[in-house]
Amino acid sequence: MHHTPEDAGDTAAAARAGRLIVTHVGPFLTPRQAVARAAARFDGPVDHAAPGSAFSVGWTTSPAGSSSSAAQGAPLRGGPACGPAR
């Protein structure tokens, strides 16, 4: 089972993500509709991972010396749907 766009937006907001990239769009929505519905629940940037698109993932070091994502300072977590950063 996949998240709805609203679920993805809620999850990104709860995780304090710096960005949301919608990777799976069901057959009854266009990517534009899915992005709009996710963006209604998440205040950060929302994009669609269209075939051939590439997204950079950056890391910084916090003052305490621990690694954190550049956007919000929270650890970046990936899953099977995540491709290599370019």
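The values are calculated or read from the model by the stated rules, or taken from the named source; none is laboratory data. Treat the numbers as computed from the prediction; the structure is a model and nothing was measured. Cβ atoms come from the backbone with ideal geometry, glycine included; neighbour counts cover every protein chain shown.
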Return the residues of the stretch 41-55 that are more than 18 Å from His2 (Cα to Cα) and either surrounded by 13 or more Cβ atoms within 10 Å (Cβ to Cβ) or not charged (D, E, K, R) (or both); say none if nothing qualifies.
Gly44, Pro45, Pro51, Gly52, Ser53, Ala54, Phe55
Within the stretch 24-34, the residues that are touching a strand residue (DSSP E or B) at 6+ places or on another chain (Cβ under 9 Å) and surrounded by 13 or more Cβ atoms within 10 Å (Cβ to Cβ) are Val25, Pro31, Ala34
Pairing a residue in the stretch 13-36 that is under 16 Å from Ala50 (Cα atoms) with any residue that is surrounded by fewer than 12 Cβ atoms within 10 Å (Cβ to Cβ), where Cβ atoms lie under 6 Å and the two sit 6 or more apart in sequence or on different chains, gives Thr23/Ala81; His24/His2
Are there any strands (runs of 3 or more DSSP E) wholly within the stretch 4-86 with 1 or more residues that are modelled with pLDDT under 55 and polar (S, T, N, Q), and if so which?
67-69
